[in-house]
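The values are calculated or read from the model by the stated rules, or taken from the named source; none is laboratory data. These numbers were taken from a predicted model, which means no experiment stands behind them. We place every Cβ from the backbone using ideal geometry, glycine too, and count neighbours over all the protein chains shown. Protein only, heavy atoms only, side chains kept; ligands, DNA and RNA dropped before computing areas. Shrake-Rupley method; radii C 1.70, N 1.55, O 1.52, S 1.80 Å.
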Amino acid sequence: MNAIVALCHFCELHGPRTLFCTEVLHSPLPQGAGSGDISGQNEQAEEEEGGIQMSSRIRSHSPAEGASADSSSPGPKKSDMCEASANTGCRSLAGGHPGYVSHDKETSIKYVSHQHPNHPQLFSIVRQACVRSLSCEVCPGREGPIFFGDEQHGFVFSHTFFIKDSLARGFQRWYSIITIMMDRIYLINSWPFLLGKIRGIIDELQGKALKVFEAEQYGCPQRAQRMNTAFTPFLHQRNGNAARSLTSLTNDENLWACLHTSFAWLLKACGSRLTEKLLEGAPTEDTLVQMEKLADLKEESEGWDGSEEEEKPSSQTDVVEGQELSKCSPETPLMPDCNSWNVAHRRLSVFRSLRHMRQVLGASAFRMLAWHVLMGNQVIWKARDMDLVQSAFDVLRTMLPIGCVRIIPYSDQYEEAYRCNFLGLNPHVQIPPHILSSEFAVLVEVRTATRSSLYPTLFDDEQSLNKYEFVVTSGSPVAADRVGPTILNKIEAALTNQNLSVDVVDQCLVCLKEEWMNKVKVLFKFTKVDSRPKEDTQKLLSILGAAEEDNVKLLKFWMTGLSKTYKSHLMSTVRSPTSSESRN
């Protein structure tokens, strides 16, 4: 992550000061940059934190690290700093200290820590952020996170906090940890992550300082001593102990090395947690419907938490469009695909794809079944094997928009078509005669095959389909010479094309569904919103290439799968007659 993390301090004499900062260097160090390693400090410490492996060593200043030994290097004047000692509040590293460098072996990136950035422009940006974080940009209570910044000077996530000091006014000193970067959106999206990690660093610092404070107060209570002594503010400010360093306040000589490790890991982890994804165009209708159902399920789960409901009979299964809830408890995280027939969670997959199902059922039987699915008729499967039925529904539902799918995977009694268009039944369940003879339903009976090898083995499945016999019947069978809906012919063409893999066929289905959902949107706007006459509707259907009877039925059924978001958007943008006349 291209950012700078810095620790800042409010000095009683000099105001806000930068104590310690860590920045990212993408350019490699030149050969021989480590030739000036300080003796006794050239050992490597392998740090592994959160899956990040870095090699840290203390190096002398070198041009590759941005350090400069001349007096023109950026930094505050000596008169604006406390005395040149690492044991003062304005300083972290003693004069001549080389700083810290960590090498990320995965990306060849260097994380460099100094008291101030060595680049003049970066120094100015960090300096301004430091002053603002400890003066005007402060949250209520003067302790906590805040966001500020602009395009010119960068954007800042700042967290101010207090450190206990028995010799300070008010027995505490004011610090802040700031993260500066130019990408505002990235920094805002990283707020929860940065807040948690920086809060952890602050808690550790405050915990160490509190132990030192309590020990000093126990040995020499400062409050009583100050009350019994004449107090001179100027003398107190100039007292040598008034501005102690953070290492003294925490009694941790390795504090800056630890902070370097924490800041370097923070930069690495924060840059790795977010990845960019290419989103092309607006979200699809399936995506909108999934989002709406997820919101509905969350509201329903909140209702479960507030009241106790009686258990329902096993034959009465709660169903929502595209999902089955009988396997989900109130304690289970309710996601759009929380169901037993989901590909990622089911134990057994019998039907692998539409192409597989077509080869098993046969071309004519599959066409009849697919026709009823696309038309919105009720599809009934009777079988003993629940996994077989669930896998069949999982494959068939890919031909429909999510909003048009209502599934009851398995039931011990017949359910009406208004409750589901995919119904799995026990073989012993009696189906009403008028359903069996209806043209709006299709029945698939899964029977035990009379011969051991009724079907050839098409795939190397663990459970072969040879032992099953599939009988597809309907009160209105689709004639072999019937044209059918256009999308069905295109689906069959893709399934019969052996040059297309299963994954490619799946993408073809997505494209076909989106193409026809766009036609549905046009028809909905034309008929439901604008209320055009039938003659105009017929002309529109001809333009859309959907004037045939089966195509019209398909569009009307798919219209029920439009998202509430799209419908409400159209209704809210309907122009009133007065506004249309005024425009004319």
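Val156 meets the conditions (1) under 21 Å from Trp265 (Cα atoms); (2) outside any strand (DSSP E or B) in every case but one. The failed one is (2). Is it the case that Lys534 is within 26 Å of Ser476 (Cβ to Cβ), surrounded by fewer than 17 Cβ atoms within 10 Å (Cβ to Cβ) and not assigned by the TED database to the domain that holds Arg367? So Lys534 passes the test.
Applying the criterion of being open to solvent by 30 Å² or more (accessible area, probe 1.4 Å) and assigned to a loop (DSSP other than H, G, I, E, B) to the residues of the stretch 537-564, the residue that is farthest from His372 (Cα to Cα) is Gly545. Here Trp341 clears all of (1) surrounded by fewer than 21 Cβ atoms within 10 Å (Cβ to Cβ); (2) at pLDDT below 80; (3) under 22 Å from Asn426 (Cβ atoms) except the condition numbered (1). Scanning the stretch 499-525 for residues that are open to solvent by 40 Å² or more (accessible area, probe 1.4 Å), over 14 Å from Leu555 (Cβ atoms), of a type outside the set (Asp, Glu) and in a helix (DSSP H, G or I) gives Val502, Val504, Gln507, Cys508, Val510, Cys511. Kindly indicate whether any position in the stretch 132-152 is closer than 18 Å to Pro117 by Cα and open to solvent by 10 Å² or more (accessible area, probe 1.4 Å). Checked against the condition, which is being closer than 18 Å to Pro117 by Cα and open to solvent by 10 Å² or more (accessible area, probe 1.4 Å), the stretch 132-152 yields at least one hit.
Every residue, every condition in (1) of a type in the set (A, V, I, L, M, F, W, C); (2) in the same structural domain as Pro192 (by the TED database); (3) within 24 Å of Ala257 (Cα to Cα); (4) under 30 Å from the mean Cα position of the chain (by Cα), yes or no:
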| site | (1), (2), (3), (4) |
| --- | --- |
| Leu93 | yes, yes, yes, no |
| His97 | no, yes, yes, no |
| Ser102 | no, yes, yes, yes |
| Lys105 | no, yes, yes, yes |
| His114 | no, yes, yes, no |
| Val131 | yes, yes, no, no |
| Pro145 | no, yes, no, yes |
| Gly154 | no, yes, no, yes |
| Ser158 | no, yes, yes, yes |
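Every condition in (1) modelled with pLDDT of 85 or more; (2) part of a helix (DSSP H, G or I); (3) open to solvent by less than 50 Å² (accessible area, probe 1.4 Å) is met by Thr179 except one, and the failing one is (2). Just so you know, in the stretch 482-498 the residues that are over 36 Å from the mean Cα position of the chain (by Cα) and among the small types (Gly, Ala, Ser) include one that is surrounded by the fewest Cβ atoms within 10 Å (Cβ to Cβ), and it is Ala493. The criterion of being of a type in the set (A, V, I, L, M) and at pLDDT below 90 holds for Leu167. Would you call Glu492 at pLDDT 90 or above, more than 19 Å from Pro283 (Cα to Cα) and not assigned by the TED database to the domain that holds Gly403? So Glu492 passes the test.
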